[in-house]
1. What pairs come up if the first residue lies in the range 77-95 and is under 27 Å from Leu136 (Cβ atoms), the second is away from the ligand (no atom under 14 Å from the Cβ) and β-branched (Val, Ile, Thr), and their beta carbons are under 9 Å apart, counting only those six or more places apart or on different chains?
2. Could you list all residues from the range 152-179 that are of a type in the set (A, V, I, L, M) and closer than 16 Å to Cys125 by Cβ?
3. If you go through the range 63-100 one residue at a time, how many are over 18 Å from the mean Cα position of the chain (by Cα), within 12 Å of the ligand (Cβ to nearest atom) and within 17 Å of Lys130 (Cβ to Cβ)?
4. If you go through the range 28-50, how many residues are outside any loop (DSSP other than H, G, I, E, B) and surrounded by fewer than 21 Cβ atoms within 10 Å (Cβ to Cβ)?
5. Pull up the range 9-20, narrow it to residues that are part of a loop (DSSP other than H, G, I, E, B) and surrounded by 16 or more Cβ atoms within 10 Å (Cβ to Cβ), then point me to the one that is farthest from the chain's Cα centre (by Cα).
6. For the range 164-188, which residues satisfy the criterion of being surrounded by fewer than 21 Cβ atoms within 10 Å (Cβ to Cβ) and within 27 Å of Val17 (Cα to Cα)?
7. Taking the range 30-62, which residues are near the ligand (Cβ under 9 Å from one of its atoms) and under 17 Å from Arg13 (Cβ atoms)?
Amino acid sequence: MTDGAVTGVTDYRGHMVLQRDGYADLFRKFLDRMKPDRIVEIGTASGGLTLTLADLIEQMKLHCVIRSYDIARHAGVTALLRNGVQLITVNLFDDTYRCFNQNATREVVSLIEFIRQPGKTVVMCDGGNKVAEFNLLAGVIKDGDHIMAHDFAWSENVFKSEIENKIWNWHQISGDDVFAAIDKNSLKPFWSRDFEQYAWLSMVRRREDGEPTW
Ligand SMILES: C[S@@+](CC[C@H](N)C(=O)[O-])C[C@H]1O[C@@H](n2cnc3c(N)ncnc32)[C@H](O)[C@@H]1O
């Protein structure tokens, strides 16, 4: 970002990052506090956010595996493999985005098993349809896991008055899109004020019985 203008693009070690400047500090604090065992990113794009997270994990000496999904392999992104990132090129979602892709059952099952391993998982929805990604994956995460979605503002009013031309110019997911999933899956806001400054919805699953709804 230059002179306060919202560009939506920054750079990390030669990889484009579609995040607001300063995002790395927020994720550093988050990783330091939560020490997740694994991160799932939907929407690798050029891998700038993925590489930022991989570097933070290495610097903090955390034992955290990153798995990042995209429907296409963008140029230069294979460099991330050297950082131990698992890159998977597949569409996990049905064309209608109402359900998982039944033509990719193996990859879908692998993702669900990955998320459901013991320890803390963080799921970051930043792909082609954040609403569907959040709603489907909110039913997969287990107690204590986190789920986030990018390009978020609680409402169009909030977006227009507090976010657009100040913080972030893209609004693809609102409160109305996620209230039912939040309720059904016992999700609670986690550092939401901080994450909303970077257009991220941030939730943690807290459920007495610990049973996933998926
Ligand atoms: C907004 S960009 C991701 C930005 C990236 N996370 C970052 O912070 O730099 C969205 C990406 O989602 C990918 N995408 C679109 N549909 C997808 C899907 N069904 N599953 C996974 N990725 C998808 C696009 O190819 C694109 O690379």
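1. Gly84/Ile57; Gly84/Val65; Val85/Val65; Gln86/Val65; Leu87/Thr78
2. Passing the criteria: Ala153, Ile173, Val178.
3. Going through the range 63-100 one residue at a time, the tally reaches 3.
4. Residues meeting the conditions: 7.
5. The qualifying residue farthest from the chain's Cα centre (by Cα) is Arg20.
6. Glu164, Asn165, Lys166, Ile167, Asn169, Trp170, His171, Gln172, Ser174, Gly175, Asp177
7. Glu41, Thr44, Ala45, Ser46, Gly47, Gly48, Leu49, Thr50, Thr52
We did not get these values from a lab; they are worked out from the coordinates using the rules stated. In this text, all values refer to a predicted model and were calculated from it rather than measured experimentally. Backbone-built Cβ (ideal geometry, glycine too); neighbour counts: all protein chains shown.
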